[in-house]
1. Quick query: amide H of residue 211 versus all other amide H atoms, modeled in the peptide plane; which residues come in under 5 Å with a sequence gap of 5 or more or a different chain?
2. In degrees between 0 and 90, to the nearest 10, how far off the longest principal axis of the chain does helix 58-71 point, with axes built from Cα atoms?
3. Between residue 130 and residue 242, what is 0.36 nm times their sequence separation minus the Cα-Cα distance? Round to one decimal in nm.
4. P(r) tail for the chain, what percent of Cα pairs lie past 33 Å?
5. Run the reach check for residue 303 against lysines, Cα to Cα strictly under 28 Å, same-chain hits fewer than 8 apart removed. What comes back?
6. Provide the FRET efficiency to the nearest 0.05 for the residue 74-residue 158 pair, computing r from the beta carbons and using R0 = 41 Å.
7. Taking amide H positions as placed in the peptide plane 1.01 Å from N, state which residues far from residue 307 in sequence (5 or more) or on other chains have amide H under 5 Å from it.
8. Near the amide H of residue 279, under 5 Å away, which other amide H atoms are found, from residues 5 or more places off or on another chain, if H is placed in the peptide plane?
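Just so it is clear, none of the values below were taken in a lab; they were calculated from the coordinates. Note that the structure is predicted; figures quoted are calculated from it, not measured. Cβ coordinates were reconstructed from backbone atoms using ideal geometry, including for glycine residues, and neighbour counts include every protein chain displayed.
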Amino acid sequence: MNDQPKSVSLTEDQRSALQAICRQRKVPVLVWKRARAFILLDAGVDAKTICFILDIGPTVLTEWKFAFAGAGLSFLGLKDYSQRQGHLFAAQEKALTEHFTNNPASNADEVCAYILAEYGQSYCSSGATKLMHRLGFVYKKPQSLPAQADEAAQEAFIAHYETLMTGLGSDEMVVFSDAVHPTHQSRLAHGWFPKDQKTAIKSTSGRKRLNIQGAIDLETFQFTFVEAEKINAQTTRQMLEKLERNNPTMARIHVFMDNARYHHAKVLQPWLNSPNRKVKLHFLPPYAPHLNPIERLWGVMHKWVTHNQHYATFNRFTEAILQFFRQTLPANWKDFRDTVSDNFRIISHDEYKII
């Protein structure tokens with residue numbers, strides 16, 4: 001014994017129950033050790049001495065103490081402590097939750113370091129991961145949101161689009177337009193590979209890129225596009241002219257696009273305002289790329305063509321991209337329509353924790 005404050009204080013009923021367990025002839029060894037440990041702790045025996053007497057490790061005794069604090073005497077007969085509350089008190093876990101809600105950890109090691117520095121408890125990476133899961137955290141990437149999100153403008157756009165689609169004539173069509181600039185580089189992506197196999201993709205050092213301006217019809221998945229050295233007002237006009245040529249039976253072609261400067265270029269206005277023009281432009285709200293379904297088409301294209309793929313030359317890279325738009329898309333568009341759709345949603349910063 002020593003003069004240190006007791007780390008456990010038993011009630012009379014608890015002490016009597018534990019003493020009765022220790023006097024029994026037929027009692028599981030583990031239950032007897034737990035009962036004996038708490039009798040000694042209550043008597044003021046230091047933890048090191050108890051561990052020596054009972055032949056247990058110091059971490060085991062610590063686990064028993066926290067389990068006893070949460071479950072009382074009922075913990076004595078448990079065989080598995082995988083569901084124990086852990087090494088932290090409830091108040092400490094609450095504070096930990098608040099801290100990492102406001103200061104996200106990049107990895108489990110940061111969690112371990114914080115707990116050790118703040119509470120003096122040592123966690124391994126796997127233990128910290130389990131703790132974070134139990135506290136309601138998941139390991140994921142944050143979403144990217146536009147710096148400015150005008151909810152009213154988004155609502156107005158969706159209402160305008162729905163009104164247009166409701167009254168759309170049989171000789172009218174709607175397309176969504178944008179430009180994409182795939183760069184000749186190997187794009188790494190997750191995949192299932194043999195565990196013991198070192199997997200790699202040859203990198204490309206080129207910086208050349210393909211410039212495509214296109215428009216997608218979500219009803220037929222007709223994709224109209226032009227390729228150019230640079231996307232500007234001229235390529236915009238070329239793409240719109242191609243839309244009119246490819247759809248001679250249409251009296252009106254509604255084109256939704258973003259607010260890129262070349263879409264509003266003065267040199268484009270005389271052509272747009274010329275007599276018998278079929279094209280009518282509609283502009284998305286600022287900072288709202290999520291309202292343009294063609295953005296999702298670019299994602300599908302990358303998944304099919306560039307993810308975990310190596311193209312030794314820029315020509316091969318270009319051929320693969322163009323083949324996707326000319327052959328893969330028309331052949332598989334029914335598989336893509338659930339992804340590339342006008343299932344719009346309104347983005348609000350209030351729905352997210354901005355870090």
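1. Distant-sequence amide H within range of residue 211: 228.
2. Computed tilt is about 80 degrees.
3. 34.6 nm
4. For the chain, the share of Cα pairs beyond 33 Å comes to 56 percent.
5. Residue 303 reaches 140, 141, 195, 198, 202, 208, 230, 242, 334.
6. With a Förster radius of 41 Å, E is 0.15.
7. It is none; the list stays empty.
8. Here the answer is 253, since their amide H atoms fall under 5 Å of that of residue 279.
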